[in-house]
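S.K.: Below: one structure in structure tokens.
The values are calculated or read from the model by the stated rules, or taken from the named source; none is laboratory data. Not measured: the values here are computed from a predicted model. Every residue, glycine as well, gets a Cβ built from its backbone with ideal geometry; the counts of neighbours run over all protein chains shown. We work out accessible area using only protein heavy atoms, side chains counted, and drop any ligands, DNA or RNA first. Shrake-Rupley method; radii C 1.70, N 1.55, O 1.52, S 1.80 Å.
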Amino acid sequence: MHPPHGDTPSGALTGDAVDLISQLWQPTFPSPELVDQAAALLPQVRRAAGPDHVLTEGPRTYITIGPGVISVRTKDFARAQRTAEREIARREIDVDLLTSFLQERGEFPEDPEPTRVISEWSRKSQTKMIETYSALDFTPMYTDPTRVPAMLTLTYPGDWLTVAPTGRAVKDHMKALRKRYERAWSEPLRCIWKLEFQRRGAPHVHMLMVPPHGEADSLRFREWVSRAWADVVAHPDLEEYQRHLRAGTGVDYAEGLKASDPRRVAVYFSKHSTFRDKAYQHIVPEEWQEPGAGPGRFWGYWGLKKKVVVTEVDQLPGTLAGRTLRRWSAAQQVTRQASRPRVKGGRVVSKYPEVQGLAGALLVESRPAPKYRNTRTKAGRMKNNRGFVVVNSGPEMASQLARYLDQRLRDVNGQKGY
């Protein structure tokens, strides 16, 4: 219900403003109830009941439904149990060794020094981010229809190494800003965030959130977040602090309005990884490429939870579902950028084919390395009919998939004379 036109309290919106927002911002994030209802339509596995029923080894098929994702995967519980038993045995050996060390020296050994070096954002982490963001329940962010989302950008001053010598320092700054937000606005900070790097190496963070109305500490949200972020980073040089205060944050409502469903959210946060001219944003600066100094996680979410329903199905409907999703994904004509050498057949070809043996090998090695060109190639999805696809509405896609599987199973059972 819209508030009455005319005078409104501080921070409230007029009816005209609410009408304008409803025209510009029309989110289509599926509710958790729709996910439950869609998952209930899938043909669940049929198992014999009674004490004589014995579960056999082998993979079981599961279909997972989320607000913006559908996945088909298999799991062999017997194999997973054997793996867990081996892990338990390994841990028991570690405990015995620590006990012997403690009895001999009277103290535990020091923690080992970190050895892992993170140089870039891995492809595996990118895939995991897309699947996770598509499975989140975004409805808590949009309970108030008068508030629209925005893309909040947090940057660092020119002399960023003084205040962010390691990735841990950036994460501490983000946590401090989160606590300040909750104290100032009396609500949890619900958002999804992603860490990137500028060409100069400085880190910056993108946050998709819903800015509040009104004032905190007598400041509107734009002014408040600029002041809060500058105070959190707290550069010791006064001049650097003032510049950071003026240009350390950005609130972009136009970018926030683009994220109107789960698929668009996932695509927006992953689009930079698909363009070569933005690849530098995922390369860790040299100052952080030391053991223990890395950025840690490149992405995450606050105040939101996953909403997925996992349904076990028989092998036949699982196979049919995997094939259907693979064909649907191929029909989307999704491409990815790849680098290919500018030589015939993708390999170095000698100008002198009559020269063979060691002389020919040396001739080939002496030639300059081939130059590469950027091309677009078809992206592979749902290989072996297993994996996930990101959709605008998971419940809608799942209901259509359930109707298709029901019809196919009826045809198969009719042919078998059941």
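S.K.: Non-local amide H neighbours of residue 391 (under 5 Å, H modeled in plane, Pro and chain starts lacking H): which ones?
M.R.: 69, 70
S.K.: Okay, moving on. Using the Karplus curve 6.51 cos²θ - 1.76 cosθ + 1.60 with θ = phi - 60°, work out ³J(HN,Hα) for each residue of segment 81-97 in order, rounded to whole Hz, and write x for Gly and Pro.
M.R.: Coupling constants for segment 81-97: 5, 5, 4, 5, 5, 5, 5, 5, 4, 5, 5, 4, 5, 4, 5, 4, 5 Hz.
S.K.: How many Å³ per residue does the convex hull of the Cα positions in segment 139-182 occupy?
M.R.: Once divided by residue count, the hull of segment 139-182 is 107 Å³.
S.K.: Give the residue list of GluC sites (Glu not before Pro) in segment 108-192 that are DSSP loop and have at most 16 other beta-carbon atoms within 10 angstrom. Don't skip to the answer; put the middle values down first.
M.R.: Values: sites: 110, 120, 131, 182; in loops: 110.
For GluC sites (Glu not before Pro) across segment 108-192 that sit outside H, G, I, E and B with at most 16 neighbouring Cβ atoms in 10 Å, the list reads 110.
S.K.: Rounded, prolate or oblate: which fits segment 122-267 when a ≥ b ≥ c are the square roots of the eigenvalues of the alpha-carbon gyration tensor, with rounded for a/c under 1.5 and prolate only if a/b beats b/c?
M.R.: Details: a/c = 2.02, a/b = 1.22, b/c = 1.65.
Note, shape of segment 122-267 comes out oblate.
S.K.: Still on this structure, please answer the following. Between residue 182 and residue 337, what length in nm is gained on full extension when 0.36 nm per residue of separation is reduced by their alpha carbon distance?
M.R.: Working: separation 155, 0.36 × 155 = 55.80 nm, distance 4.12 nm.
Length gained between residue 182 and residue 337: 51.7 nm.
S.K.: Scan segment 179-281 for trypsin sites (Lys or Arg not before Pro) in coil per DSSP, keeping those whose Cβ has at most 12 other Cβ atoms within 10 Å, and list them by number.
M.R.: Details: sites: 179, 180, 183, 190, 194, 199, 200, 220, 222, 227, 243, 246, 258, 263, 264, 271, 276, 278; in loops: 190, 199, 200, 220, 258.
Those satisfying the criteria are 199, 200.
S.K.: Evaluate E = 1/(1 + (r/R0)^6) for residue 28 and residue 105, where r is the Cβ-Cβ distance and R0 equals 51 Å; express this FRET efficiency to the nearest 0.05. Kindly include the intermediate steps, with their values, before the conclusion.
M.R.: On the way: r = 62 Å, r/R0 = 1.22.
With R0 = 51 Å, the Cβ-Cβ based efficiency is 0.25.
S.K.: Work out how much length residue 117 to residue 290 would gain on full extension: take 0.36 nm times their residue separation and subtract the Cα-Cα distance, in nm to one decimal.
M.R.: On the way: separation 173, 0.36 × 173 = 62.28 nm, distance 0.57 nm.
Answer, rounded to one decimal: 61.7 nm.
S.K.: Moving on to the next point. Given a Förster distance of 45 angstrom, what is the FRET efficiency for residue 406 paired with residue 146, based on the Cβ-Cβ distance and rounded to 0.05?
M.R.: Values: r = 42 Å, r/R0 = 0.93.
The formula returns an efficiency of 0.60 here.
S.K.: Quick one: plug the Kirkwood hydrodynamic radius of segment 206-319 (C-alpha pairs) into Stokes-Einstein at 37 °C, 0.692 mPa s, and report D in µm²/s. The partial results should precede the final answer.
M.R.: Numbers: Rh = 18.5 Å.
Taking Rh from Cα pairs, D becomes 178 µm²/s.
S.K.: From Cα coordinates alone, what are the radius of gyration and Dmax values for segment 67-155 in angstrom?
M.R.: 22.8, 66
S.K.: Quick one: which residues, 5 or more positions from residue 314 or on another chain, have an amide H under 5 Å from its amide H? H modelled 1.01 Å from N in the peptide plane, none for Pro or chain starts.
M.R.: Residues meeting the criterion, in which the H sits 1.01 Å from N, are 45, 46.
S.K.: Contact order normalised by length for segment 47-188, with contacts defined as Cα pairs under 8 Å and 6 or more residues apart; what percent is it? Each step should come with its number before you reach the end.
M.R.: Numbers: 53 pairs, mean separation 24.1, N = 142.
Normalised by residue count, the contact order of segment 47-188 is 17 percent.
S.K.: What's the carbon and sulfur percent of segment 148-258's accessible surface, probe 1.4 angstrom, rounded to a whole number? Intermediate results must be reported in sequence, preceding the final value.
M.R.: Working: 2340 of 4900 Å².
Looking at segment 148-258 in its full context, I get 48 percent from C and S.
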